[in-house]
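Below is one structure, written out as structure tokens, with a few remarks after it.
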């Protein structure tokens, strides 16, 4: 009897670290997998340079608007966009250099720099904020990833990755990302505040292979704090790793 | 009889001074605090009506549902027709258009670098229309710290603290950046025509006022308005009347299923003002009831002390054959007189203090430096005819009830034991 009790105690106390170690190994493997997945997602979504012509369809309760723009980006710190239509927005330009954002308005011929909490304001009445538009860093630079589950979206198998911020200066403290298991492209995303509140949801569709990358060409952003159908972002044309003239990323180009 | 009692009160001051002082203090406090409460309530209602709610407000149904978000995308369109209808149906009201909007104000500095920037709460009012009376209603001329009220398109009035923050003065240029009612990005240049002290901390720190037609143009709101405010031409708010008017207007619109059809709301139905009005009324009533109860207990106690002091006097009067009921009655008459004297003194003092507070008020701007809610920075009392009786009646009642309670002891005296008690 005495031996039996000792055996049970031994199993309980010696066995426990074994179980924990096994769990750690499993978790570590998952983390490793998740990081590898995220790296491949980053490869698809990010490039050294990109030029994107797009339509942004903003759905309101009364009507919807389509804003056409062309955007240039280089690395994670430089981007420039010019609005081409409608007439109200035509000629409006935005330049982002690191954390600074300048907006040029042709009607007033003024360039305004936005900073601080102003960047949280809605971009042209859409479900995106200026901050959302400015974010161009790789996911692996901002988040630690973990595969938490699997799911199927529109018949495609996905991993559900839980991303937790590893740096302080992120717009969203955590994200849940549904990543296509075959093409390594996100198909759905949920963006959360530090409090755990769901702030935004995105649905990424019409994934196409462009220059060797899988890229979603239709994205619906939905601000969960607002009513409505959200904002559609539709890629009309896209070029990856095309050289961009350096003057594009200067303040002088805003008034050109 | 009354003359006899009055002489008694004057000759035996020990009998009357303490109760008169107690009643006078109680009545004074009731009147001064009631005046202060109604002053504060009236200030807040008045300020809220002038700046935010009107005596009634007409807006689209969808706008009314999301009013906290300043949803100009849900604004009322076709306002010419709405005005026509309102002016025909409710000619006793002045109807004015307003647009509340948000955005960013940027003050340009040298070399196209901003010298100041901040989020702005914009108010567009009918500045150039004398008929609207908006300049007087918002007391803009008297509130100017510097400059003048805009008299042409493209001019802006700005809260004086906001102007200091942006480092702008009269004549300087500002750029507004915001969204039109359709969500498009919009920019506009304005010249600062004046800086203004609204007397509301949150407004002084971030409000701009522009003309309504400028806002319509900038925000793409042709023939539209966020809100149409109605002010009763006598500038007096009567809650029941406005609610009845709203029911009448809304009943007419009930058949229209459009979410952008107009809806009318009374002041008491907006910004939780109804709850606020009821709360303050309840607090005032509770205050008077508590006063009567507390004063009755205090004066009961005073009466008991007086009764003890006059124990011998009542005994002699009973021994001389005076009826208990008569003694009790004279005591009550005395209480009525003492209560009346104390109440008159308290009422007079209370009304004087209320009138002084109405004129000068208490400046609490120092305490409101970081306030973001809409509160007047000078708290004032308000004189109303009800102050003449709101303290007087409870003062009198408390004295009479107190004496009635303490006087019951007279009926417990036994005539047979009077001589023993009096040690005659």
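Values as computed for the structure displayed
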| item | result |
| --- | --- |
| Count - residues of segment B:110-133 that are closer than 25 Å to residue B:177 by Cα and either free of Cβ contacts under 8 Å to residues at least 40 places away in the same chain or not assigned by TED's automatic domain parsing to the domain that holds residue B:95 (or both) | 5 |
| Count of segment A:77-112 residues which are away from chain B (no Cβ under 12 Å), surrounded by 14 or more Cβ atoms within 10 Å (Cβ to Cβ) and in a loop (DSSP other than H, G, I, E, B) | 1 |
| Subset tally (residues that are loosely packed, with under 15 Cβ neighbours inside 10 Å and under 16 Å from the mean Cα position of the chain (by Cα)) for segment A:44-76 | 2 |
| Residue match in segment A:124-143 (condition: touching a strand residue (DSSP E or B) at 6+ places or on another chain (Cβ under 8 Å), part of a strand (DSSP E or B), more than 24 Å from residue B:187 (Cβ to Cβ) and more than 11 Å from chain B (Cβ to nearest Cβ)) | yes |
| Scope segment B:91-114; condition part of a loop (DSSP other than H, G, I, E, B) and either within 14 Å of chain A (Cβ to nearest Cβ) or touching a helix residue (DSSP H, G or I) at 6+ places or on another chain (Cβ under 6 Å) (or both); matching residues | B:109, B:113 |
| Flag if residue B:99 is closer than 20 Å to residue B:260 by Cα and either modelled with pLDDT of 95 or more or outside the structural domain of residue B:207 (by TED's automatic domain parsing) (or both) | yes |
| Unique match (being out of contact with any strand residue (DSSP E or B) (no Cβ under 7 Å at 6 or more places or on another chain) and either assigned by TED's automatic domain parsing to the domain that holds residue B:392 or crowded, with 18+ Cβ neighbours inside 10 Å (or both)) among B:9, B:105 | B:9 |
| Wholly within segment A:162-256, strands (runs of 3 or more DSSP E) carrying at least 1 residues that are in contact (Cβ under 8 Å) with a residue 60 or more places away in the chain, within 25 Å of residue A:121 (Cβ to Cβ) and out of contact with any helix residue (DSSP H, G or I) (no Cβ under 9 Å at 6 or more places or on another chain) | A:213-223, A:231-240 |
| Meets criteria (away from chain A (no Cβ under 14 Å), touching a strand residue (DSSP E or B) at 6+ places or on another chain (Cβ under 6 Å) and within 17 Å of residue B:194 (Cα to Cα)) for residue B:148 | yes |
| Helices (runs of 4 or more DSSP H) within segment B:115-232 that include 1 or more residues at pLDDT below 95, surrounded by fewer than 19 Cβ atoms within 10 Å (Cβ to Cβ) and under 33 Å from the mean Cα position of the chain (by Cα) | B:134-137, B:140-143, B:160-166, B:201-204 |
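So that you can scan it fast, the table gives a plain yes or no per residue for (1) in contact (Cβ under 8 Å) with a residue 60 or more places away in the chain; (2) away from every other protein chain (no Cβ under 14 Å); (3) not in a helix (DSSP H, G or I):
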position: B:246; (1), (2), (3): yes, yes, no
position: B:251; (1), (2), (3): no, yes, no
position: B:259; (1), (2), (3): yes, no, yes
position: B:264; (1), (2), (3): yes, yes, yes
position: B:283; (1), (2), (3): yes, yes, no
position: B:300; (1), (2), (3): yes, yes, no
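Conditions (1) surrounded by fewer than 18 Cβ atoms within 10 Å (Cβ to Cβ); (2) more than 14 Å from chain A (Cβ to nearest Cβ); (3) at pLDDT 90 or above; (4) under 25 Å from residue B:148 (Cα atoms), marked per residue:
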| residue | (1), (2), (3), (4) |
| --- | --- |
| B:35 | no, yes, no, no |
| B:38 | no, yes, no, no |
| B:51 | no, yes, no, yes |
| B:68 | yes, no, no, no |
| B:86 | no, yes, yes, no |
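The values are calculated or read from the model by the stated rules, or taken from the named source; none is laboratory data. Only a predicted model underlies this, so the values are computations on that prediction, with no experimental measurement involved. Heads up, the Cβs are rebuilt from the backbone with ideal geometry, glycines too, and the neighbour counts pull from every protein chain shown.
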